[in-house]
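Before any comments, here is the structure.
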Amino acid sequence: MRITWTDEIIEELKHLFIERRFSKGAVARFFSEKLGIEVTRNAIVGKLNRLGIKREGVTQFCAERKPRLFQPKPSRQPFVPQVVVTEPRMVPFAELGDGECQYECTNADGVGDWLFCGNPCKSGSAFCRKHHGVVWVRARKARVGEAA
């Protein structure tokens with residue numbers, strides 16, 4: 001139910017808020033309990049703002065802020081990754097040890113010995129960093145309408 005702001009209610013609002021220094025919530029509680037008028041704190045706040053009623057000496061903010069001076073951030077050097085190109089060692093399977101890359105590096109014709117990269121493996125992989133990226137491709141989510 002909406003409150004009807006009569007002159008008597010407005011005078012009581014001013015009296016409670018300015019002279020008796022009730023908070024806005026306390027004014028709403030007083031109206032509800034003592035006068036039997038259901039009114040919310042937001043209704044009290046809105047009416048006080050529309051009437052332009054403010055307490056003397058009460059500021060809206062905790063403290064005045066000092067204006068910030070623009071201070072540019074120090075420039076950073078752009079990150080340039082250093083690429084280390086390692087050539088495969090071309091190790092036969094029989095000589096391939098633990099922790100050595102198992103990527104096959106033989107010719108396409110399949111003639112001759114089967115040779116493997118043999119460089120140190122990436123942690124948790126059977127391949128070096130270069131060949132791990134070649135062998136393992138991250139799965140992507142299927143798009144709507146795309147065949148699985």
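Any read-out appearing in this document is the output of simple, stated calculations on the displayed coordinates, not a laboratory observation. None of these values were measured; they are calculated from a predicted model. A quick note on method: Cβ atoms are made from the backbone with ideal geometry, for glycine too, and the neighbour counts reach across all protein chains shown.
Here are the numbers for the structure shown:
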quantity	calculated
Residues HIS132, HIS15, sorted so that the one with the fewest Cβ neighbours within 10 Å comes first	HIS15, HIS132
Residue order, fewest to most surrounding Cβ atoms within 10 angstrom, among CYS101, CYS128	CYS128, CYS101
Ranked list, fewest to most other Cβ atoms within 10 Å of each Cβ, for PHE22, PHE79, PHE17, PHE93	PHE79, PHE93, PHE22, PHE17
³J(HN,Hα) computed for each position of the stretch 116-132 - Karplus, 6.51 cos²θ - 1.76 cosθ + 1.60, integer Hz, glycine/proline x	10, 4, x, 6, x, 6, 6, 4, x, 10, 9, 10, 6, 4, 4, 7, 4
Relative contact order [Cα under 8 Å, 6+ residues apart], the stretch 86-138, whole percent	35
